[in-house]
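Peer 1: Once you've had a glance at the structure underneath, I'll fire off some questions.
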Amino acid sequence: MSKIFTPTNQARLTNVAIVRIKKTGKRFEIACYKNKVVSWRQKVEKDIDEVLQTHTVFTNVSKGEVAKREDLQKAFGKTDQTEICKEILEKGELQVSEKERQEQLNALFKEIATNVADKCVDPETKRPYPVTIIEKSMKEIHFSIKPHRNAKQQALEVIKALKETIPLERAQMRVKVEISGKEAKSLKEKFVKFASTIDEETWTGDKLTLLCLIDPGRYREVDELVRKDSKGNATLEVLSLKEIKDSEEVLE
């Protein structure tokens, strides 16, 4: 099996992040720059040259052992090195040390807790929980972190799970809806079903203005109602993304 021993290649393959995949009973690896694999998978980094240290598929990166052309054809159905590298990037497993893995999990755990604390309040006090309380509660319910899923997605799962153990609800979004014309009354009846609280209702002739709180999770439904059912006679304005006691507002 051919090997790469040139000084240039040895220099390029230092401080490397390895992504590995097994297909047809063989191991294939690619050499990437650290911290770029995740950026590529999250669609943040779009330049493949910024991710790959070399457009070469290996069977063992550390030994410089390059995969055989016939093995690539059998495993991937193609021999184009860059295209195979992209497939390995997408489906392969990022190889990290146990220490790095634990650091990544700890960072993700804290990011999830921060997301939950930012989105939720204690329903009795209407105040947010400290991140430390959310972290403690997550540990108590033994929430299992999924390394390949982002923090925002997992935060929604945590919110559902924590509602079983502590008083918790999504912080409400404050919105203003203005409806005019003959549809105002009928639209109001539909709209109030989405509102958790109507703070103000004002009629000026045939124009209705509503100030209210809604669950952020229902914003799309409200927006669709305003756009599709109003025939262009209604507007929706977000006044704040998070309503907290004492008018303290924190943008998500």
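The values are calculated or read from the model by the stated rules, or taken from the named source; none is laboratory data. Please read all numbers here as calculations on a predicted model, not as lab measurements. Virtual Cβ from ideal backbone geometry, glycine too; neighbours counted across all protein chains shown. Areas reflect the complete protein model, heavy atoms only, side chains present, ligands, DNA and RNA absent. Shrake-Rupley method; radii C 1.70, N 1.55, O 1.52, S 1.80 Å.
Peer 1: Quick check: net charge around ARG227, other residues with Cβ under 14 Å of its Cβ, Lys/Arg +1 and Asp/Glu -1?
Peer 2: So the surrounding residues net to -3.
Peer 1: Lys and Arg at +1, Asp and Glu at -1: add these up for the other residues within a Cβ distance under 12 Å of GLU111 and post the number.
Peer 2: It works out to a net charge of +1.
Peer 1: Pop out the carbon and sulfur fraction of the accessible area of the chain as a percent, whole number, probe 1.4 Å.
Peer 2: On the way: 7220 of 14930 Å².
The value for the chain is 48 percent carbon and sulfur by accessible area.
Peer 1: So which GluC sites (Glu not before Pro) in region 61-137 pass both tests, a DSSP loop state and at most 15 other Cβ atoms within 10 Å of the Cβ?
Peer 2: GLU124
Peer 1: How large is ³J(HN,Hα) for each residue in region 201-208, as worked out from phi by the Karplus curve 6.51 cos²θ - 1.76 cosθ + 1.60 (θ = phi - 60°), to whole Hz, x for Gly and Pro?
Peer 2: 10, 10, 10, 10, x, 9, 9, 10
Peer 1: Determine, from the Cβ-Cβ distance of THR202 and VAL96 and an R0 of 45 Å, the FRET efficiency 1/(1 + (r/R0)^6), rounded to the nearest 0.05.
Peer 2: 0.20
Peer 1: With Rg and the Kirkwood Rh both taken from Cα atoms, where does Rg over Rh land for the chain? Walk me through the intermediate numbers first.
Peer 2: On the way: Rg = 26.3 Å, Rh = 22.4 Å.
Taking Rg over the Kirkwood Rh, I get 1.17.
Peer 1: How much accessible area per residue does region 131-239 have, counting only protein heavy atoms and a probe of 1.4 Å, in square angstrom?
Peer 2: Working: 6480 Å² over 109 residues.
It amounts to 59 Å² per residue over region 131-239.
Peer 1: Assuming R0 = 41 Å, what is the FRET efficiency of GLU221 and LYS74, from their Cβ-Cβ distance, to the nearest 0.05?
Peer 2: Once rounded, the FRET efficiency stands at 0.25.
Peer 1: Could you calculate the contour length gain from HIS148 to LYS176, that is, 0.36 nm times the residue separation minus the distance between their Cα atoms, to one decimal place in nm?
Peer 2: Separation in residues times 0.36 nm, less the Cα-Cα distance, equals 6.3 nm.
Peer 1: Per residue of region 158-163, in order, report the coupling 6.51 cos²θ - 1.76 cosθ + 1.60 (Karplus, θ = phi - 60°) as ³J(HN,Hα) in whole Hz, putting x for Gly and Pro.
Peer 2: Values, residue by residue: 5, 4, 4, 5, 6, 4 Hz.
Peer 1: Right, another one. Long-range amide H contacts for LEU239: which residues qualify at under 5 Å (H placed 1.01 Å from N, peptide plane, sequence gap of 5 or more or a different chain)?
Peer 2: Close amide H contacts, sequence-distant or interchain: ARG174, VAL175, LYS176.
Peer 1: For region 83-96, just list the computed ³J(HN,Hα) in residue order, Karplus coefficients 6.51, -1.76 and 1.60, θ = phi - 60°, integers in Hz, with x standing in for Gly and Pro.
Peer 2: Calculated HN-Hα couplings, in order: 5, 5, 4, 5, 5, 5, 4, 6, 10, x, 9, 6, 8, 9 Hz.
Peer 1: Put a dot 7 Å past each Cα toward the Cβ at LYS231 and GLU111; how far apart are the dots in nm?
Peer 2: Each label point lies 7 Å from its Cα, and together they span 4.8 nm.
Peer 1: Out of residues 5 or more away from ASP122 or on other chains, whose amide H comes under 5 Å of its own, with H placed 1.01 Å from N in the peptide plane?
Peer 2: HN-HN under 5 Å from ASP122: ARG127, TYR129.
Peer 1: Moving on to the next point. What residues qualify as long-range amide H neighbours of ALA31, i.e. H under 5 Å apart, gap of 5 or more or another chain, H built at 1.01 Å from N?
Peer 2: Placed amide hydrogens put GLN53, THR54, THR56 under 5 Å from ALA31.
Peer 1: Ranked highest first by average number of other Cβ atoms within 10 Å, how do 42-54, 166-178 line up? Each step should come with its number before you reach the end.
Peer 2: Values: 42-54: 13.8, 166-178: 19.0.
Listed from highest to lowest mean packing, they are 166-178, 42-54.
Peer 1: Turning to a different aspect of this structure: Using the structure shown, list the pairs from LYS26/LYS46; LYS182/LYS228; LYS91/LYS152; LYS110/LYS163; LYS126/LYS152 with a Cα-Cα distance above 26 Å, or answer none.
Peer 2: LYS26/LYS46
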